[in-house]
1. Test residue 18 against the criterion of being surrounded by 18 or more Cβ atoms within 10 Å (Cβ to Cβ), within 16 Å of ligand 3 (Cβ to nearest atom) and not small (Gly, Ala, Ser), and give yes or no.
2. Please work out which one of (1) of a type outside the set (Phe, Trp, Tyr); (2) within 11 Å of ligand 1 (Cβ to nearest atom); (3) touching a helix residue (DSSP H, G or I) at 6+ places or on another chain (Cβ under 8 Å); (4) outside any strand (DSSP E or B) is the condition residue 208 fails and give its number.
3. I'm trying to understand the selection: among the residues of segment 223-235, which are away from ligand 2 (no atom under 11 Å from the Cβ) and either open to solvent by less than 40 Å² (accessible area, probe 1.4 Å) or under 12 Å from residue 161 (Cβ atoms) (or both)?
4. How many residues, within segment 176-200, are within 29 Å of residue 279 (Cα to Cα) and among the β-branched types (Val, Ile, Thr)?
5. Give me the residue from segment 31-88 that is within 14 Å of ligand 2 (Cβ to nearest atom) and hydroxyl-bearing (Ser, Thr, Tyr) and, out of that set, nearest to residue 162 (Cα to Cα).
6. Pull out all pairs, ordered by first then second residue, where Cβ-Cβ is under 7 Å, the residues are six or more apart or on different chains, the first lies in segment 134-163 and is touching a residue at least 60 places away in the same chain (Cβ under 8 Å), and the second is open to solvent by 20 Å² or more (accessible area, probe 1.4 Å) and more than 15 Å from ligand 1 (Cβ to nearest atom).
7. At pLDDT 95 or above and among the charged types (D, E, K, R): is that true of residue 96 in this structure?
8. Restricting attention to segment 244-286, report how many residues are more than 16 Å from ligand 2 (Cβ to nearest atom) and of a type outside the set (S, T, N, Q).
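The values are calculated or read from the model by the stated rules, or taken from the named source; none is laboratory data. Source: prediction; values computed, not measured. Here the Cβ positions follow ideal geometry from the backbone for every residue, glycine too, while neighbour counts run over all protein chains shown. Quick note on the areas: whole protein, heavy atoms, side chains included, nothing else; ligands and nucleic acids left out. Shrake-Rupley method; radii C 1.70, N 1.55, O 1.52, S 1.80 Å.
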Amino acid sequence: MMTSGETLVRNDWTRDEISILFDLPFDELMWRAQSTHRQFHSHGEVQLCTLLSIKTGGCAEDCGYCSQSASADTGLKASKLMEVQAVLQSAAEAKDNGSKRFCMGAAWRNPKNRDMPAIIEMIKGVRQMGMETCMTLGMLTKNQAAQLAEAGLDYYNHNIDTSPENYANITSTRTFEDRINTLDEVRNAGINVCSGGIVGMGEARSDRVGFVHALATLERHPESVPVNALVPVKGTVLGDMLADTPLAKIDEIEFVRTVAVARITMPLSMVRLSAGRESMNDATQALCFMAGANSIFTGDKLLTTGNAGENADAALFAKLGLKPMESEEPMRQKSGCGGGCASAPVLEAAE
Ligand code: SAM
Ligand code: DTB
Ligand code: SF4
């Protein structure tokens, strides 16, 4: 545990405390989230990341939200792992468009050892361009995590997606424990952790509480916390469920509340407003930034679904007076800690 000014970075949050935050009057919740944000992060700056699907579709897992599961009926054509040069070409374009981080995603339950040499070349190539690298490849063995670390991978994304008790309703081919085990391997290998989840899968408020609680009580908070709004894809279990029961769609204010509670409970983390922005209006996105979101995915595609696109984002940034973050915030670099880390150096407040 450590203190900086008024805010304590804690990993002993209780579900009751998190539930009380969710219940706060909206103005109070937003005030607390913005106050926490300004203590640890520079305001008015948002990190730009670009996603690329390096291996699409045909996945053996049955995640109910995902267009890429072989058990979904989405008509998505499966393809094999992209060539390294094609990945580096996409990375160069992302860099030209102002991205600071390049995130590569594969529709795998886990990478095969024979895939690792190409993956390692991708990481090295993107790093040489001066961008941060992130990969999301499914479950990892200790040895694979070590290889990724050795190649210089900056971040590994592996979402817990929802509360532990709701997990089996979303995915049946692996367990919440499996997810935590991979996060441990990533952390132990010395790679920064990116872990978050999806809001709007028909879950209860208590599941959103449990989801934030699971992340905020990790021994060290993830350095990045993506909060996705479900992108309903026809032919997936959850996309079809939402089409049949439109009332199950998440309320925008409840989504903003989730972002705010993530910001308050994990003050040092970058909170990424991830999938689902395409269906959000400017006002909802502005509220998410006020609630402490300070990172987005740019470009007109996420992995398989659409994204707001650079022109829409440039217009939104101009309207809100936001600017792209030049590099990861100095204070977080100084801290070297995702939070909840007993040996963390004392933090200095952001200007
Ligand atoms: N196969 C790897 C895995 O599952 O860890 C990596 C790729 S997977 C597509 C990355 C994350 O994208 C998922 O954990 C989920 O949180 C998010 N995601 C996938 N489909 C989504 C959708 N339709 N709407 C919102 N988020 C989604
Ligand atoms: C994350 O939390 N969201 C990104 C990234 N990590 C890999 C993926 C969003 C995927 C949205 C659905 C799609 O495009 O297939
Ligand atoms: Fe596969 Fe990842 Fe999609 Fe699940 S979320 S089906 S593991 S690609």
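1. no
2. It fails just one condition, (2).
3. Of everything in segment 223-235, those that are away from ligand 2 (no atom under 11 Å from the Cβ) and either open to solvent by less than 40 Å² (accessible area, probe 1.4 Å) or under 12 Å from residue 161 (Cβ atoms) (or both) turn out to be 223, 235.
4. Result for segment 176-200: 3.
5. The selected residue is 65.
6. Once the first residue is touching a residue at least 60 places away in the same chain (Cβ under 8 Å) and sits in segment 134-163, its partners that are open to solvent by 20 Å² or more (accessible area, probe 1.4 Å) and more than 15 Å from ligand 1 (Cβ to nearest atom) give 134/154; 155/132; 155/192.
7. It is false that residue 96 is at pLDDT 95 or above and among the charged types (D, E, K, R).
8. 20
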